[in-house]
1. Using the structure shown, decide if L26 is touching a residue at least 12 places away in the same chain (Cβ under 8 Å) and part of a loop (DSSP other than H, G, I, E, B).
2. Starting from the stretch 37-62, keep only residues that are aliphatic (A, V, I, L, M), then list their pairs with residues that are assigned to a helix (DSSP H, G or I) whose Cβ atoms are within a distance under 6 Å, requiring at least 6 positions of separation or different chains.
3. Can you give me the number of residues within the stretch 29-40 that are outside any loop (DSSP other than H, G, I, E, B) and either closer than 14 Å to L51 by Cβ or of a type in the set (A, V, I, L, M, F, W, C) (or both)?
Amino acid sequence: MGERVNNLVARLRKGIEKTLETLRSLSDEQWQTILYEEPCPWTVRDMLAHLLSTEKGLARIAHRRSCYQVWRTPARRPSPG
């Protein structure tokens, strides 16, 4: 991988660790905290479930797109010489 990709991966890993640290520190009561009242109540747990399902869908789309791009990329031929 190139340096740009390595930097992005490092930043994502750091963000994941910070997020997990925060989530692990929540008490049972904090998990049940209502974040939104309308149109129906959303707790911290509900919000996390929503974010995870969204990320799973985005990862699936990214994977399909990368597979499609690999399939569509013509093979590189060595230049004569």
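Readers should treat all values here as calculations from the given coordinates under stated rules, not as data from a laboratory. In this text, all values refer to a predicted model and were calculated from it rather than measured experimentally. Neighbour counts are summed over all protein chains in view; Cβ atoms, including those assigned to glycine, are modelled from backbone coordinates with ideal geometry.
1. When the stated conditions are applied, L26 passes them.
2. Within 6 Å, the pairs are V44/W31.
3. Quick first cut of the stretch 29-40, residues outside any loop (DSSP other than H, G, I, E, B) only: 29-31, 34-36.
If we keep only those that are either closer than 14 Å to L51 by Cβ or of a type in the set (A, V, I, L, M, F, W, C) (or both) as well, we get 31, 34-36.
Matching residues across the stretch 29-40 total 4.
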